[in-house]
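The values are calculated or read from the model by the stated rules, or taken from the named source; none is laboratory data. Keep in mind the model is a prediction, meaning the values are calculated, not measured. Reconstructed Cβ throughout: ideal geometry from the backbone, glycine too, with neighbour counts over all protein chains shown. Please note that ligands, DNA and RNA were not included when accessible areas were found on the heavy atoms of the full protein model with its side chains. Shrake-Rupley method; radii C 1.70, N 1.55, O 1.52, S 1.80 Å.
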Amino acid sequence: MSKPQPPLSKTNLFKPIKVGSIELQNRIAMAPMTRLRGNPDDFTANDTIKKHFSDRAKNNGGLIISDAISVSWPGIGYPVGIMIQTKEQAQKLKPTVDAVHEAGSYFSAQLFHVGRNAVAAVMKARGLRLLGPSAGVYGDAEAEEAAKEAGIELEEMSLDDIDQLKKDFVKSAKNAVEVCGADFVEIHAASNYTLAQFIDISANKRTDKYGGCIENRCRLVLEVVDDLIDAIGAERVGIKFSPYMTLGGGSGVDGEIHCIAQYAFLYSELERRAKEGKRLAYVSNYEARLAGFTKDGDFGLSTEL
Ligand SMILES: Cc1cc2nc3c(=O)[nH]c(=O)nc-3n(C[C@H](O)[C@H](O)[C@H](O)COP(=O)(O)O)c2cc1C
């Protein structure tokens, strides 16, 4: 006879856990889910976003991870979003973070740069370039067609573009912690956005120090990790990966280099930092079950609560 199961309330799920230097009251984390509800003009947070997160933080006590927040205009990718690159933008997200804290939960601000998977028409309309690790290496034929239709071409990120991206991650991370009061910053290195594109051999055909071998393809994401450790402390930094994800042109298990080999190096580098006293607050891994984006990049989402 099988042993009777303990009630859910007695399982580890409802026991506290230390993440970084913070003790969460339970082990429940709300996954980052972009809802595209920021103000379209200046990409700032608003009362709708505050209500969305404070509702979910009530009676929780765990971790709430934000929508993916763009680190810069060149990194937006979608028609609507949130940014905290300037102090003024960050001030608009602060009431949301405060509301999550007042409800007894903790807040992680997820930061991303969309790169080659940006909606081409959005970038064109805003006078922004379509950037990725390598020129002309689109996620798929549809993305290439969309770029042609929009009259824009996928350009290789220059070393200056890469330096700027790193600075933008740092600036947004500092604002997340110092202005918004976020407990953590999560580096979005998943979902085949820019950092994942650099990791993936099918997207990254570079011949400089950011491409060509496993170590070089991991260079950018590890530089962002190190910059954020320096800026806000390892105990506040989380990171998200999706090694197996093929949506958005990822190689998954079918790459020229198997994702296990590629990501084993990455995880070992994080562990090396941990052993040097710079252990990240958390590492999140997901295996996507998403079916796809809609052509205009709105995820088919409603703006209603
Ligand atoms: C509507 C929607 C929006 C999402 N937005 C993000 C996002 O902004 N950042 C991110 O890292 N993951 C995002 N995800 C992925 C989720 O965080 C999660 O990793 C994924 O849904 C896998 O979890 P599941 O297997 O429980 O669905 C999104 C998922 C959905 C359904």
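Of K171/K240; K92/K166; K50/K167; K124/K209, which ones are farther than 21 Å apart at the Cα? The pairs that break the limit, which is 21 Å between Cα atoms, are K92/K166; K50/K167; K124/K209.
Over segment 173-223, with a single point scatterer placed on each C-alpha, what log10 of the ratio I(q)/I(0) does the Debye formula yield at q = 0.26, 0.30 1/Å? Each listed q corresponds, in turn, to -0.87, -1.04.
Ranked by the mean number of other Cβ atoms within 10 Å of their residues, highest first, the peptides 257-268, 172-183 come out as 172-183, 257-268. Rolling a 1.4 angstrom probe over the protein heavy atoms with all chains in place gives segment 36-151 an accessible area of 38 Å² per residue.
If R0 is 22 Å, the Cβ-Cβ spacing of K15 and A274 corresponds to a FRET efficiency of close to 0.45. Can you give the % of DSSP beta bridges in the chain that are antiparallel, to the nearest 5? Antiparallel bridges make up about 10 percent of those DSSP assigns within the chain.
As a fraction of the 1.4 Å probe accessible area of segment 1-106, surface on carbon and sulfur atoms comes out at 54 percent. In segment 159-238, the portion of solvent-accessible area held by carbon and sulfur atoms comes to 43 percent [1.4 Å probe, whole percent, DNA, RNA and ligands not counted]. Compute the FRET efficiency between D160 and C213 as 1/(1 + (r/R0)^6), taking r as their Cβ-Cβ distance and R0 = 25 Å, and round to the nearest 0.05. Plugging the Cβ-Cβ distance into 1/(1 + (r/R0)^6) gives 0.65. Across segment 12-285, Cα-Cα pairs more than 24 Å apart make up 48 percent of the total.
Normalising the Debye intensity of segment 45-181 to I(0), with uniform scatterers on Cα atoms only, and taking log10 at q = 0.09, 0.18 Å⁻¹ returns -0.32, -0.94.
So which of K51/K278; K174/K278; K10/K58 end up more than 23 Å apart by C-alpha? Flagged as over cut-off: K51/K278. Shown is the FRET efficiency for D140 and Y267, computed with R0 = 25 Å from the Cβ-Cβ distance and rounded to the nearest 0.05: 0.35. Alpha carbon centre of segment 120-188 versus segment 54-93: separation in Å? Cα centroid to Cα centroid, the span is 16 Å. Length gained on full extension, R56 to H258: 68.9 nm, using 0.36 nm per residue less the C-alpha separation.
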